[in-house]
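Down below is the structure, laid out as structure tokens.
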Amino acid sequence: MAERERASYARTLVVPMYREAPRIARTIHTLATSSLNDPRTEIILVDDGSDDDTVAVARAALGATSLTASIVRLERNLGKGGAVRAGVLASSGRAVAFSDADLSVGVADIERCFAPVESGNADVVCSSRAAAGSVIPVRQPRLRELSGRTFNLALRLLGLTRLHDTQCGLKVFAREAALLLFEQLSVTGFAFDVELLLFADRLGLRVEEVPVEWRHVEESRVRPLRDGVAMLRDALRLRLAPRVRRRGPRPTSMRDETFAVMAKLEREHWWFRAKRELAVQELRRAGTRDGAAADVGCGTGASAAALRALGFHPLIGIDPSSYAIGLARKGDGDTPFVVARAEALPLKTGSSGCVLCMDVLEHMADDVAALGELGRVVRPGSTLLLTVPAYGWAWSDHDVTLGHHRRYTARTLRRRVRAAGFIVRRCTYFHSWLVPLAFLVRKTPLARLMRGSAEEASFVSPGVNRLLHLVSRAERGVIRMVRLPFGLSIMLVAERPASQKAPE
């Protein structure tokens, strides 16, 4: 179905799915015939690595209704928290909600819970079955209800919440609050709600509890004993974790601060500089020097000056994050920056002499479709440059945090690029000197000591930053002469055949 313009969404509703083939069609039909089926509401269905026909059923149901929705597919089962997180970070609404796939909280209450956020009276709305005014026409089995009450009591005794119901399956966030909270989410199981609300409280966000009508649905995925133990374990871990530092009552300035740091890192950090400088070297090698260019996934615009220095004009930067684009515009008044997704580029067919897409494909649910869209805008005989992370064995919590769907090998990347109609001109690994360290912290007992901190450790002191940049420069000199057979990242340069018709 056609993608709507991201910037126009007032709301996003994220619906996580796991083995939902028996009921997702009913949910889609309910949404299609409701007030949420309107052009200002974005619907994102996230399949959490289901091993049944959930996605096929969902696509068929969407095709049979007027509802437009995106389907994000996770290659492995991360848990409900991981699925919701992927959907929220892919969202674009000014208010962002998530709801269980069974719609145990109905559409009318979803609308009511949006209201306090949209009026500016709350940063987070938590639906509640325990608040005064709530109604439960169909109750849970006694064991599940007792398990839920016991869990909430444990949370209160541990000092993790003041709310009487953290687990009702509907919550709504102001966009800034959603991104702030979900970016630092570490719990991917059913207790992720507890971590979200704990962070919201410690950061001074305004949380409003709203009573709702809630109906138990028999096909619920929660297993009282097994999942209850896992949730309690996650709660204990949260209780023992370092406290989140309180940084003020409103999330907007915090979000600006986060991206200000991001902008500085993209320009100065050795990792980003190495990637950017290698891209410039490979574009020069390919003879790509001038004409119109697009930087898809431009972030805060750190590559724009380097691309202009190569002679590209006009140059456009594209990124799905309005915050990153805002910072890019502040830092570079000479380049137009646009909020859009790689799967639906706001560019004319065959309009670009060069397209950069650095560390973007791994975020795409359907990377071949995204490559097809990139191919649409690259004119015949022109260049596509990609970078992606390498090796499935290097997968870590950091990939989950960043919203990755996969890692690649050079062979896999070449195959998918060719499937999209490109000719591969050069493909090389880079960051080769990091492979031994990555293997140690991923595939040996050292992983237990490094869990949760391995990637953060790469944000180093200025002296070490300069040293690692020099190491990367030396590697770049080697790549100038030969293609490296291994590395933690891959760079590929491809060309759209001169005789090939662009996909419509």
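Values quoted throughout were computed directly from the atomic coordinates according to the rules given, and no laboratory measurement underlies them. Please read all numbers here as calculations on a predicted model, not as lab measurements. Methodologically, a virtual Cβ is constructed for each residue, glycine included, from the backbone with ideal geometry; neighbour enumeration extends over all protein chains shown.
Worth pointing out:
- Each of Leu143 and Arg40 was given a label point 7 Å from its Cα along the Cα-to-Cβ line. The distance between the two points is 4.6 nm.
- For the stretch 256-495, lysine pairs separated by 8 or more sequence positions, or belonging to different chains, with Cα-Cα distances below 29 Å total 6.
- 3J(HN,Hα) from dihedral phi, the stretch 103-116, Karplus parametrisation 6.51/-1.76/1.60, rounded to Hz, x for glycine, proline: 6, 4, 9, x, 4, 4, 6, 4, 4, 5, 6, 5, 4, x
- DSSP beta bridges in the stretch 256-495 [antiparallel fraction, %, rounded to 5]: 45
- q = 0.11, 0.13, 0.17 Å⁻¹, the stretch 256-495: log10 I(q)/I(0) [Debye, one scatterer per Cα]: -0.55, -0.79, -1.43
- Shown in residue order for the stretch 203-216 are the 3J(HN,Hα) couplings computed by the Karplus curve 6.51 cos²θ - 1.76 cosθ + 1.60 at θ = phi - 60°: 8, x, 6, 7, 10, 10, 9, 10, x, 9, 8, 10, 10, 5 Hz (x for Gly and Pro).
- Cβ crowding within 10 Å ranks Met364, Met491 as Met364, Met491, fewest other Cβ atoms first.
- The H on the amide N of Ala390, modeled in the peptide plane, is under 5 Å from the matching H of Tyr408, Ser489, Ile490, each at least 5 residues off or on a different chain.
- Stretch gain in nm, segment Arg411-Glu118, where the contour uses 0.36 nm per residue and the Cα spacing is subtracted: 100.7 nm
- Taken one residue at a time, the phi angles of the stretch 305-314 give Karplus couplings (6.51, -1.76, 1.60, θ = phi - 60°) of 4, 5, 5, 5, 5, 6, x, 6, 6, x Hz. Gly and Pro are set to x.
- Ranked Asp332, Asp47, criterion: other C-beta atoms within 10 Å, fewest first: Asp332, Asp47
- Spacing of the modelled spin labels on Val482 and Arg329, each 7 Å from Cα toward Cβ, amounts to 4.8 nm.
- Beta bridges by DSSP in the stretch 6-248, antiparallel share as percent, to the nearest 5: 30
- Placing a label point 7 Å from the Cα of Ala419 along the Cα-to-Cβ direction, the residues of the stretch 351-393 with a backbone N closer than 13 Å are 365-372.
- Between Arg442 and Gln281, the FRET efficiency estimated from the beta carbon spacing at R0 = 22 angstrom works out to 0.15.
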